[in-house]
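These notes are about the structure you will find just below.
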Amino acid sequence: MIAVSRVSRRYAEAIFSVAREAGRLEDFEAELAAANQLLAEMPQLRALLAHPEIPRESKLRLVEETFGGRLSAEMVSFLRVLVLRGRQALLLEIGESFSALADEARNLIRARVASAIPLAPEQKARLREKLIAMTGKRIELEEEIDPALLAGVRVWLGDRMIDGTAAGRLAELRTGLMALRGGRR
């Protein structure tokens with residue numbers, strides 16, 4: 001996840017309100033992702049759109065030719081606005097911010113869980129239930145394998161990390177023992 005500027009957030013909120021009014025949150029979210037994917041696959045396109053010496057009219061034509069048949073008219077208009085205001089470099093941040101707004105509207109939190117080995121389906125279900133009880137929101141789990149973790153799991157809910165690993169529990173135990181001993185070794 002990337003840090004999102006206030007400017008990116010405002011643009012995301014604007015396109016989010018259009019998407020929400022039209023009842024097309026998923027469509028717009030997918031289109032923002034597709035536009036970012038295309039720009040990632042075509043660095044020359046991204047460079048042309050960012051180049052300060054290329055006239056704005058040429059950039060607008062490029063947006064129309066590249067995205068016109070692939071994205072909705074609303075999304076192409078949004079991309080045109082970004083180009084007109086010189087904000088096309090913020091598209092990735094805008095996409096991230098839009099997704100966060102859409103998740104919030106869907107009462108959804110995307111949790112990332114790291115473990116040494118893949119979790120069994122029943123372990124994932126128990127973890128999801130605990131996270132639902134903790135947050136009161138729907139949970140979508142994204143699993144990653146980290147062989148450096150010997151046992152347990154580490155979970156990220158947005159900016160918050162819950163360390164349920166063996167190393168994390170030992171560190172907590174050590175801190176508690178140090179506090180009991182008054183910080184002496």
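The numbers here are math on the coordinates, done by the rules we state, and not lab data. Predicted model, so just to flag it, every value in this text is computed and none were measured. Every residue, glycine as well, gets a Cβ built from its backbone with ideal geometry; the counts of neighbours run over all protein chains shown.
Just to confirm a number: summing +1 for Lys and Arg and -1 for Asp and Glu over residues other than Gln37 whose beta-carbon lies under 14 angstrom from that of Gln37, what do you get? Let's see the in-between values first.
Details: positive: Arg46, Arg70; negative: Glu29, Glu31, Glu41, Glu96.
Neighbourhood net charge equals -2.
Rounded to the nearest angstrom and ordered from largest down, what semi-axes does the equivalent ellipsoid of region 107-180 get from its C-alpha gyration tensor (root of 5λ)? The partial results should precede the final answer.
Working: eigenvalues 108, 50, 21 Å².
Over the Cα atoms of region 107-180, the semi-axes work out to 23, 16, 10 Å.
Between Ala179 and Glu13, what FRET efficiency comes out of the Förster formula 1/(1 + (r/R0)^6) with R0 = 41 Å and r the beta carbon distance, rounded to 0.05?
Details: r = 45 Å, r/R0 = 1.09.
Working from the Cβ atoms, E equals 0.40.
Residue by residue through region 104-110, which ³J(HN,Hα) values in whole Hz follow from phi under the Karplus form 6.51 cos²θ - 1.76 cosθ + 1.60 (θ = phi - 60°), with glycine and proline marked x?
Each residue of region 104-110 in turn: 4, 5, 8, 6, 10, 10, 8 Hz.
Any idea what Rg and Dmax come out to for the chain if you just take the C-alpha atoms, in Å?
Both quantities, over Cα of the chain: 22.0, 71 Å.
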